[in-house]
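The values are calculated or read from the model by the stated rules, or taken from the named source; none is laboratory data. Keep in mind the model is a prediction, meaning the values are calculated, not measured. Every residue, glycine as well, gets a Cβ built from its backbone with ideal geometry; the counts of neighbours run over all protein chains shown.
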Amino acid sequence: MTSRPVALMCGAGLACWFGATAMFGADAHVATLLGMAGPLIVAIVTWRMAEQTYRRNPAALTGLMMGGFVARMVLFGAYVVVVIKGLSQPAVPFAASFTGSFIAMYLIEALALKRMFET
């Protein structure tokens, strides 16, 4: 297994967190951290599962990715509610960090999948 995509995801997550914290101020550092952490953890788990599945049975990857898409929709919906309502974090800093991190993680994952398919 390659760890390069995971390292890139971690770096992008930190950049999103630092950027959002700089934009919204130190008072929002917990909200921006939580906004980055959810997409980062899910993207790393998704990448690891996709990579293992592709090595064992490439034909099974599409089904895994479709199931993962549905699971992510439900998980992220619940995550947003828990962070904003349950943990009482400010919505705008959380949403900004979450959105930036989400886009960065899935861009990295898409490029890593493209590279994996080419080898």
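Points worth noting:
- Applying the condition of being free of Cβ contacts under 8 Å to residues at least 12 places away in the same chain and of a type outside the set (Ser, Thr, Tyr) to region 30-54 and asking which residue is farthest from residue 77 (Cα to Cα) yields 45.
- Meets criteria (out of contact with any Asp or Glu (no Cβ under 6 Å at 6 or more places or on another chain), under 16 Å from residue 113 (Cα atoms), exposed (fewer than 13 other Cβ atoms within 10 Å of the Cβ) and not aromatic (Phe, Trp, Tyr)) for residue 55: yes
- Residue 38 passes every criterion in (1) over 15 Å from the mean Cα position of the chain (by Cα); (2) at pLDDT 95 or above; (3) not hydrophobic (A, V, I, L, M, F, W, C) apart from (1).
- Residue check, residue 117 aromatic (Phe, Trp, Tyr) and over 19 Å from residue 13 (Cβ atoms): yes
- Cβ-Cβ distances below 7 Å connect the following pairs, each with a first residue in region 72-86 that is crowded, with 16+ Cβ neighbours inside 10 Å, a second residue that is part of a helix (DSSP H, G or I) and not aromatic (Phe, Trp, Tyr), and a separation of six or more residues or different chains: 72/42; 79/38; 83/34; 84/91.
- For region 4-28, filtering for residues that are surrounded by 12 or more Cβ atoms within 10 Å (Cβ to Cβ) and within 17 Å of the chain's Cα centre (by Cα) leaves 15.
- Residue identified as under 20 Å from residue 99 (Cβ atoms), of a type outside the set (Phe, Trp, Tyr), crowded, with 16+ Cβ neighbours inside 10 Å and touching a Pro at 6+ places or on another chain (Cβ under 6 Å) among 43, 31: 31
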